[in-house]
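Student: Sharing a structure below in structure tokens format, with a few things to ask.
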Amino acid sequence: MNRFDFTPYRRSTVGFDRLFDLLENQTRASGGGENYPPFNIERRGEDAYRITLAIAGFKAEDLDITAQQNLLTVVGKKRDETAEGEMLHVGIANRGFERRFELADFVRVADADLADGLLVVDLVREVPEAMKPKKIAVGKTGLEIVQKDGDSKAA
């Protein structure tokens, strides 16, 4: 069993508990061998991401996509469909799935689309203006805040 011990790091850091918990939970979850459905995660820009899941045979009504704070859950439940004739061989999996993705702060789902057996979920990171870094310069007349885009405001 490959398990990394984060105890020394937990002792010397403050406020990173959630990060260590995520790493430990991911290590535990990935050891189970559950790789269905396969997926890609793509970075499409500085603040844009795309998750693509290969879910052939699922319809939009078979899917439940839930976005909570820092968690995206995609659940697929196949409906029982009876075939016209007698099935001689069943090689296409007719199983449901649940796939979870941990999201960073301020990441939200922008769009979801299902086409050609691929579920595409677009994500964007929208950092609130109050949380964006600001450069602070001390001027002759007082304190002046210089924002990232070059505008300045007197405080």
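Student: Could you look through segment 69-86, keep only residues that are of a type in the set (S, T, N, Q) and either under 30 Å from E46 (Cα atoms) or surrounded by 14 or more Cβ atoms within 10 Å (Cβ to Cβ) (or both), and pick out the one that is modelled with the highest pLDDT?
Tutor: Step by step, filter segment 69-86, then rank; the result is T73.
Student: Identify all residues within segment 93-144 that are in contact with a Ser or Thr (Cβ under 7 Å, 6 or more places away or on another chain) and at pLDDT below 90; write none if there are none.
Tutor: Answer for segment 93-144, where residues must be in contact with a Ser or Thr (Cβ under 7 Å, 6 or more places away or on another chain) and at pLDDT below 90: just E144.
Student: Now a separate question. Answer yes or no: is there a residue in segment 40-56 that is loosely packed, with under 11 Cβ neighbours inside 10 Å, modelled with pLDDT under 95, among the charged types (D, E, K, R) and not in a strand (DSSP E or B).
Tutor: yes
Student: Is there any pair linking a residue in segment 87-101 that is closer than 18 Å to N40 by Cβ to one that is of a type in the set (F, W, Y) and in a strand (DSSP E or B), with Cβ under 9 Å and at least six apart or on different chains, and which?
Tutor: Taking only residues 6 or more apart or on different chains, the pairs are R99/F39; F101/F39.
Student: Can you list residue pairs whose Cβ atoms sit under 9 Å apart, with the first residue in segment 48-70 being assigned by TED's automatic domain parsing to the domain that holds V90 and of a type outside the set (D, E, K, R) and the second being surrounded by fewer than 11 Cβ atoms within 10 Å (Cβ to Cβ) and assigned to a strand (DSSP E or B)? Count only pairs 6 or more apart in sequence or on different chains.
Tutor: Y49/R43
Student: Identify the residue in segment 1-39 that is part of a loop (DSSP other than H, G, I, E, B) and in contact with a Ser or Thr (Cβ under 8 Å, 6 or more places away or on another chain) and, among all such residues, is modelled with the lowest pLDDT.
Tutor: Ranking the candidates gives N2 first.
The values are calculated or read from the model by the stated rules, or taken from the named source; none is laboratory data. Bear in mind that the values here come from a model prediction, so they are computed numbers and not experimental data. So basically every Cβ, Gly included, is an ideal-geometry build from the backbone, and we count neighbours across all protein chains shown.
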